[in-house]
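Some notes on the structure that comes next.
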Amino acid sequence: MPDLYFDFGNADWKFFDGENSYGHERHAIAPLTESQWRNVVQRAKQPPEGYIAVEGRYFAMGEKARRYVLKEKPRGADRYTQEYYGVAMAYVISQLFDNNHRVINLYASHAPRDIAYADDIRNAAMGRWRFVTHKGEYNLSVKTVETFDEPLGGFHHTMLTKEGKLLKTNPYRKSTVLVLDVGGYTCDVAAVDPGGKIDEGSLRSTVTGAIGVYEIFENELRDRYREEFKGMGDIAPNRLEEAIQRGYYAFGNMKLECADIARSAIATLTNDVMDVIKAAGGVGNFDVIFLTGGGSALIANPIREAVPTIDFVLAEQNIDLLRYANVFGGAKFFTMMKRLEEMKNG
Amino acid sequence: MAKEGISRSFRLHPSDDKERQAIEIIEAWEEKGYSIRDIITSAILRSAGFEPDMFKTGNERLTPALLEAILTDFGKELIQTIRENGGVPSTPQNKPKPAPFDDEDEDLEAMRNLVKGHSARSAKK
């Protein structure tokens, strides 16, 4: 029975099958009318990638959704409905799995402050799902739903092996750890005491993230290169990310220098994260800080320079995969739980 | 033996230490001009006691660890494919025995604390 580890991030969704397949998609859902759907599908049996029909309702998803007028994203518990979360879940199921599966287990992550909505997540996901994507017709049940805190996913990815073991050779086994999960819109924290004891009082979310960096960067970039960007519509988010990483924006065959703009935009997030560390008790109360979440890739080097008095460890050594650290860690944690249960049951 | 040959696919994941090592070594062989087919075929032959040409060059980079990583993944993928095609029922007696917890390398107490923490969070839902 396949497992889906699903991080329903505010900026983008990350998903993992617990084995070797993973992916991400921009967080965007655009409901379509029947006529818009017919235009998309035309005479084909299935829609193209990026579209889904769920029980007579039609949607464009992710990057494809940006072609349509997007409504304001629901907030709070309103996100965790069948019509919103459920549709996103169905779409990512089709991204990872073929349509020959009948039952899926869902492991859904959430920000610490959304613990109150865990039952809403369960209700939004469980049950029978019939939908159509570019891969064909799906008819399956989500049989079980487990939830977990995203920063703890990052913690588990650092601490556990793929087999779900915490080895005595792990150098952080006896450390007091602060986990910083830097996402698109929020930075979440969790403190874990030596021996794996989670400090529940430490779990919190702060509104700051990578999206703020991209917004500042884009504004400064357009301001500096007013002539070049005159009349240009939206800049694709991935082009902004690339420009920040490279230090120049590839504009046709021109390279628009912007390393200084990138540094200054990243500094705003670095400063916010330093405030988050102070609010969590300050570096003096921890032995090491784990960085997880896609936004951590932006600040890893600047924050190490700014705060040299503590080690910052990336939850995922491959910086391109940092955004997946929480779902990778969720898989390791539930593997560990299954082992413990199997041994207990003899 | 299937006249048409067999086709399998799998992905080695860089987040796993063994698989990352396997990826690096495979890429090194590919730089020398060997295809992935050559590498896996030769590794399997070697495991059966044959000495394929690629290992006679004196290159010592196909270590037992890489061989184990390649064959383990190949084996898992093969079993999964057979199951999906109805060949081997996935019945309880076929389930691999769980790894014992008297493994002195594991910090069992810390693992239990992590599970307790998760359960405590679950109680808040």
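Values as computed for the structure displayed
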item	result
Residue count, segment A:29-57 (criterion: in contact with a Leu (Cβ under 6 Å, 6 or more places away or on another chain) and crowded, with 21+ Cβ neighbours inside 10 Å)	0
Single residue of segment A:207-225 satisfying the filter (among the hydrophobic types (A, V, I, L, M, F, W, C) and in contact with a Ser or Thr (Cβ under 8 Å, 6 or more places away or on another chain)) that is surrounded by the most Cβ atoms within 10 Å (Cβ to Cβ)	A:VAL213
Considering residues of segment A:304-330 that are touching a strand residue (DSSP E or B) at 6+ places or on another chain (Cβ under 7 Å) and surrounded by fewer than 24 Cβ atoms within 10 Å (Cβ to Cβ) only, the residue nearest to the other protein chains (Cβ to nearest Cβ)	A:LEU314
Strands (runs of 3 or more DSSP E) lying entirely in segment A:139-240 (those with 3 or more residues that are within 14 Å of chain B (Cβ to nearest Cβ))	A:186-193, A:197-207
Segment B:4-40, residues that are part of a loop (DSSP other than H, G, I, E, B), within 13 Å of another protein chain (Cβ to nearest Cβ) and among the small types (Gly, Ala, Ser)	B:SER9, B:SER15
Flag for A:ASP98 being over 20 Å from A:ARG26 (Cβ atoms) and either surrounded by fewer than 16 Cβ atoms within 10 Å (Cβ to Cβ) or out of contact with any Gly (no Cβ under 9 Å at 6 or more places or on another chain) (or both)	yes
Single residue of A:PHE328, A:PHE312 found to be more than 24 Å from A:ARG224 (Cα to Cα) and part of a helix (DSSP H, G or I)	A:PHE328
Pairs with Cβ under 6 Å, 6+ apart, first in segment B:104-120 and within 7 Å of another protein chain (Cβ to nearest Cβ), second among the β-branched types (Val, Ile, Thr)	B:GLY117/A:ILE198
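Every read-out reported here was derived from the displayed coordinates using simple, explicitly stated rules and does not represent laboratory data. The structure displayed is predicted, hence computed values, not measured ones. Neighbour counts are summed over all protein chains in view; Cβ atoms, including those assigned to glycine, are modelled from backbone coordinates with ideal geometry.
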